[in-house]
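Asks: Structure below; questions to follow.
Coordinate-derived values only; no laboratory data. What you see is a predicted model; the values in this text were computed from it and never measured. Reconstructed Cβ throughout: ideal geometry from the backbone, glycine too, with neighbour counts over all protein chains shown.
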Ligand SMILES: [Zn+2]
Ligand SMILES: [Zn+2]
């Protein structure tokens, strides 16, 4: 098995032919994973882990907001020059704009992303009326996120050399070893929000549900009948939506907070790579938007 980037790329390429309406998205994403893989190779993961590690027994394990911006500047510039050859004209143009700026201005998107990392805890109740809940990710926010993904994933993987951490693509078999006492709605490694939920059968737990981190791909156990945004547990308020065309991906919605997350059922499609299959099932996002639902966390492409 290759790196998680090549696993994702292979899955995106595989799904490309089968999901024509998502082919543009998946083609771009497959190219992006190559650029991300290069970033991952540049990250001195062990060194930076030591630098940003939280004090003993603190969660999340990483204080991502203390990542060394100086050390990120050069890899980010290289990342941008590669992205300038990929994607839509808007994405190319944005990359060129950042590249043409001065060194300090160029890392502004990273600075913003890191300083807003510790967002207030996700809601534990309905949003107050009138509150703007939609998360707007600017174009520059896309570059920061697409770049920080491999940076943080590499560091998160380095934690697994002396701690238990697991990513779905590389350590499925270790899932049963995940901490059982962590059942919050944010990642215990980096504090990121969940991207997608995953269902699988484990020997000791049939229909085990976990959440996958949107930033470092760590998976952690989460209660089945619970909204990962507001904590709603009443079954009648947690409708599920499926589409005939994609049996293994569904929408788990919550009528209390009007959020949704997609769930990838590995029991129905054992070869699925949750973060990629989530992205490919874009018609479910369109359906959810029509229902007035907001995604718990948009994916790296802002969908
Ligand atoms: Zn994480
Ligand atoms: Zn909710």
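Asks: Looking at the chain as a GNM with Cα springs under 10 Å, which of 197, 144, 73 has the largest mean-square fluctuation?
Replies: The residue with the greatest mean-square fluctuation here is 73.
Asks: Also, quick follow-up: State, in angstrom, two size descriptors of the stretch 4-295 derived from its alpha carbons: Rg to one decimal place and Dmax to the nearest whole number.
Replies: 18.6, 55
Asks: Then there is this: Mind running the shape call on the stretch 53-118? Use the C-alpha gyration tensor, a ≥ b ≥ c as the square roots of the eigenvalues: rounded below 1.5 for a/c, prolate if a/b tops b/c, oblate otherwise. Working shown, then result.
Replies: Details: a/c = 2.82, a/b = 2.32, b/c = 1.22.
Taking the square roots of the gyration eigenvalues as a ≥ b ≥ c, the stretch 53-118 is prolate.
Asks: How much mean residue ellipticity at 222 nm does the chain get from its helices, if each DSSP H run of length 4 or more adds -39500 (n - 2.57) and you divide by all residues, to the nearest 500 deg cm²/dmol?
Replies: On the way: 10 runs with 119 residues, N = 303.
Dividing the helical sum by the residues of the chain leaves -12000 deg cm²/dmol.
Asks: If you don't mind, there's one more thing I want to ask. Would you mind calculating the relative contact order of the chain from Cα pairs under 8 angstrom and at least 6 residues apart, reporting the percent as a whole number? Let's see the in-between values first.
Replies: Working: 502 pairs, mean separation 52.5, N = 303.
Rounded, it is 17 percent for the chain.
Asks: Full extension from residue 303 to residue 14: what is 0.36 nm times the residue separation minus their Cα-Cα distance, to one decimal in nm?
Replies: On the way: separation 289, 0.36 × 289 = 104.04 nm, distance 2.00 nm.
The span from residue 303 to residue 14 would gain 102.0 nm if fully extended.
Asks: What is the distance, in nm, between label points placed 7 Å from the Cα along the Cα-to-Cβ direction at residue 242 and at residue 289?
Replies: Here the answer is 2.5 nm between the modelled labels.
Asks: Calculated FRET efficiency, residue 81 and residue 6, Cβ-Cβ r, R0 25 Å, to nearest 0.05? All intermediate terms of the calculation are to be shown ahead of the outcome.
Replies: Working: r = 22 Å, r/R0 = 0.86.
Efficiency, rounded to the nearest 0.05: 0.70.
Asks: Multiplying the sequence separation of residue 139 and residue 65 by 0.36 nm and subtracting their Cα-Cα distance, what value in nm do you get?
Replies: On the way: separation 74, 0.36 × 74 = 26.64 nm, distance 2.05 nm.
Computed gain between residue 139 and residue 65 is 24.6 nm.
Asks: So if R0 is 45 Å, what FRET efficiency would residue 234 and residue 103 give, r being the distance between their Cβ atoms, rounded to the nearest 0.05? Display every interim value, and only then the final one.
Replies: Working: r = 52 Å, r/R0 = 1.16.
So, using R0 = 45 Å, E works out to roughly 0.30.
Asks: Right, next: Once label points are set 7 Å from the Cα along Cα→Cβ at both residue 112 and residue 56, what is their separation, rounded to one decimal in nm?
Replies: For the pair residue 112/residue 56, the computed spacing is 4.0 nm.
Asks: Note the full-extension length gain between residue 160 and residue 23 as 0.36 nm times their separation in residues minus their Cα-Cα distance, in nm to one decimal.
Replies: Details: separation 137, 0.36 × 137 = 49.32 nm, distance 3.40 nm.
My answer for the length gained is 45.9 nm.
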